[in-house]
Amino acid sequence: MKINKFAIGLALLIIAGFVFSPVALAAGGDVTDVERHVPSGLSTGKSAEITLEITGETPFMIGIVEIIPEGFAFPEDDADVSDAKYFKVDRNAGKIAFSVSDESEITYNVIPSGNDGSGFEGYWVDMLFQTQELNEGKERWKSVTDPNAVSTTMISSSTLEDTDDSSVSKAPGFGAFLASVSMIACLLIFRKYNSGGDKE
Amino acid sequence: MRPKFTFITAILLIAGLLVSVMTASAVPSTIPCDNDDGILTEKEVSDAVCKYMLEDSQYSLDDVGDASYIFKFWDGKPKTVTDTHDREVTFYRPVERIITTNPDNSRMIIALGDLDKIIATDECTRSGCVLPRDNNDEKIAPEAWKALQIHGGGQLDDIPETNTRKEIDYERMAILKPDVVFDATWYNRGDLIKEKVGCPCVDAGAGFTFAESYAHIQLIGNALDQQEKADELELFVRSKVDMIESVTSQIDDSEKPTVYFAPRGAKKGFYDSVEGRDFTRTESVYEPLNIAGGINVAKECVGDKINVLSEQIVAWEPDYIFVAWSSSSSFGEPNGVDFVMETPELSDIPAVRNNNVYSCLYPYCRGRPIDRSLLNMIYMAKLLHPEQFSDLDMEAEGNEVYKQILGIDGVYTELAEYQPFLKEVN
């Protein structure tokens, strides 16, 4: 039995395209920017208040995550971290996440380990943005801007691009695994039958 | 060993494909991020959002986004709409992926600004029912086709097709994971689609009364959460109806001309046995004609598919006859007006004697297009009462109608080039 090489190649391309095709994004949303304000002159060990200013039209609902610089810490009690209505702190990872609904400003406190406040990283995502795309992920995350740390924002953006969005998938890696298995299977079957054809 | 390995990999391949299809058709029937009590609280949503942002969540961005939307706009509860067949349709997710099965619903979704949510549609939306094509299937108003861009780029005919006039591909619909299917009213298959595709199905459609059109606008607007745009569109249609009706309502009925309306044209003469209709097919209710100040001679007829005897048309003695224009007329073939004017049996009708036989827009297109209803209303008003509507600019009105519905300028101007009878009333 001969299998057309071109047809198999085409089939594999279609499968790969179907599984790995990049998500085309529709831009937009009611929130246009989240800007971080870090006080100047941080003092080691002394609590400092970080402000996140949200620009946009209500109603909106966004998620924000902030990653504080290495060595920085959050106050021990959550009540001392922020008076925002909804937030969660991951002290081990140095992260704080907020769910913000129609508020133009939120704040949180950190305890600096130095006086350089340029190492903050943060992302936000418009939760009310609608798109027909399935499997939306981190490609929709946007960097928190920081007027005093332009370079930080740029680093953040590239870091984000490098990050695989599979972490937000319901079954991380399953699609890729399935596609890989399918393609390997096709290749094996093809190789077997194709080698027979060559012998003839 | 090798054959065994190949066999296993083949089984794995098949299983993989099966799993892919099965997961594709699994559509949620509960609110995402809810604790199963059916009501999302701010805390539930906010906790889900925070966990997602910390990458410590079982929920995807789609889940938390949908939950946020439901909390913000649906008070945290599933949303129910009542469709044209009085079916209660419940949504557990906001509508982001739409399949339409007929052009009336596609057109309405476009008019309400959600074209980019249509993931599949029917053959007529893709062909010439929303934007026009000629008899050779070539696009009329190509710039309008280009202007109406779908999600990800492309034109209306680039949207995947999931049904034709007679067949519907349920499996493909399910694989595309729609949030809703908008089906035409005449099929009565909303429950079947819901069961086979695994998502809510709304039966919706327009009619030949403007009340039906308003209900259609509001139903789709409600399902899509586009209430403001629906209100705006309804107001626009009402303003056009009022513009004509405010004049014709002042005319005494005894002064209004009687009209025979042949909405299926007269391509094959009196009657086409294949289609079961032609010049002798009429409509007892065509409100655009009434608003335009005409008296429909068939208004007392009953039923959906009314075929009358040619002798009856003669007996009615209509002052005017409107024959729907056939696309084959663009090739110089005899049109409906020619048929009526040249048929001896009809020669005694006042409309024929007085040269008051006119083409009009074909009022159907796998449905009852609202744009054509409005245009026919204005066009008929100008013909039936030329003095009262002499200042009405048909071209400007036509372009305004398409601008409102499709968001594109100049469509009517190009349409009138293809259907030249429209230019005779400007």
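The numbers here are math on the coordinates, done by the rules we state, and not lab data. Predicted model only: the values in this text are computed from it and were never measured. Methodologically, a virtual Cβ is constructed for each residue, glycine included, from the backbone with ideal geometry; neighbour enumeration extends over all protein chains shown.
Counting Cβ atoms of other protein chains within 10 Å of each residue's Cβ and taking the mean over peptide A:129-140 gives 6. With only Cα atoms counted, the stretch B:363-426 has Rg and Dmax values of 11.5, 35 Å. Only the Cβ atoms of Lys and Arg (+1) and of Asp and Glu (-1) were treated as charged; on that basis the dipole of the stretch B:269-379 about its Cα centre amounts to roughly 380 debye. First obtain the Kirkwood hydrodynamic radius of the stretch B:272-377 from its Cα pairs, then insert it into the Stokes-Einstein equation at 4 °C and 1.567 mPa s, and state the resulting D in µm² per second as a whole number. Answer from the Stokes-Einstein relation: 89 µm²/s. With 5 Å bins beginning at zero, the pair-distance distribution over Cα atoms of the stretch B:80-225 amounts to 2, 10, 21, 24, 21, 14, 6, 2, 0 %. Which number comes out as Rg/Rh for chain B once both Rg and the Kirkwood Rh are worked out on C-alpha atoms? When Rh is taken as the Kirkwood radius, the ratio is 1.06. Projecting the alpha carbon convex hull of the stretch B:180-249 along each direction and taking the average yields 5.1 nm². Could you give the angle, 0 to 90 degrees to the nearest 10, between helix B:370-384's Cα long axis and the longest principal axis of the Cα atoms of chain B? Roughly 10 degrees, rounded to the nearest 10. Within straight-line reach of A:LYS88, meaning a Cα separation under 12 Å, sit the following aspartates and glutamates at least 8 residues removed in sequence or on another chain: A:GLU66, A:ASP77, A:ASP78, B:ASP47, B:GLU55, B:ASP56. Net charge dipole, the stretch B:235-423: roughly 560 debye, given to the nearest 20, about the Cα centre with Cβ charges of +1 for Lys and Arg and -1 for Asp and Glu. Return the aspartates and glutamates within reach of B:LYS299: Cα separation strictly under 16 angstrom, same-chain partners fewer than 8 residues apart disregarded; answer none if there are no such residues. Within the straight-line cut-off, B:LYS299 pairs with B:ASP253, B:GLU283, B:GLU287, B:GLU317, B:ASP319.
By the helix-only formula, in which each DSSP H run with n ≥ 4 contributes -39500 (n - 2.57) and the sum is divided by residues, chain B has a 222 nm mean residue ellipticity of -12500 deg cm²/dmol. Here the convex hull built on the C-alpha positions of the stretch B:235-423 has a volume of 122 cubic angstrom per residue. Between the helical axis of B:61-73 and the longest alpha-carbon principal axis of chain B there is an angle of about 60 degrees.
In a simple Cβ point-charge model (Lys, Arg +1; Asp, Glu -1; nothing else charged), chain B has a dipole of about 1360 debye relative to its Cα centre.
Other protein chain C-beta atoms within 10 Å of residue C-beta, averaged over B:88-101: 1.
Within the straight-line cut-off of under 18 Å between alpha carbons, the lysines reachable from A:LYS85 are A:LYS95, B:LYS43, B:LYS51, B:LYS72, sequence neighbours fewer than 8 places apart in one chain being disregarded.
Shielding of peptide A:69-81 by partners, expressed as the average count of other chain Cβ atoms within 10 Å per residue Cβ, is 0. Couplings 3J(HN,Hα) for the stretch B:46-60, derived from phi with the Karplus relation 6.51 cos²θ - 1.76 cosθ + 1.60 (θ = phi - 60°), are 5, 4, 5, 5, 4, 4, 4, 5, 8, 6, 10, 9, 7, 8, 8 Hz, where x marks Gly and Pro.
As a calculated quantity, the FRET efficiency between B:GLU395 and B:VAL314 at R0 = 56 Å, using C-beta atoms, amounts to about 0.95. Structure note, pairs B:LYS194/B:LYS267; B:LYS77/B:LYS166; B:LYS166/B:LYS403; A:LYS138/B:LYS146; B:LYS79/B:LYS117; B:LYS166/B:LYS229: Cα-Cα distances above 27 angstrom occur for B:LYS194/B:LYS267; B:LYS77/B:LYS166; B:LYS166/B:LYS403; A:LYS138/B:LYS146; B:LYS166/B:LYS229. 3J(HN,Hα) along the stretch B:346-362: 9, 5, 8, 5, x, 4, 6, 4, 9, 6, 10, 10, 10, 6, 8, 5, 5 Hz, from the Karplus curve 6.51 cos²θ - 1.76 cosθ + 1.60 with θ = phi - 60°, whole Hz, x for Gly and Pro. Tilt of helix B:210-224 relative to the longest C-alpha principal axis of chain B, in degrees (0 to 90, nearest 10)? On a 0 to 90 degree scale, this one is about 10.
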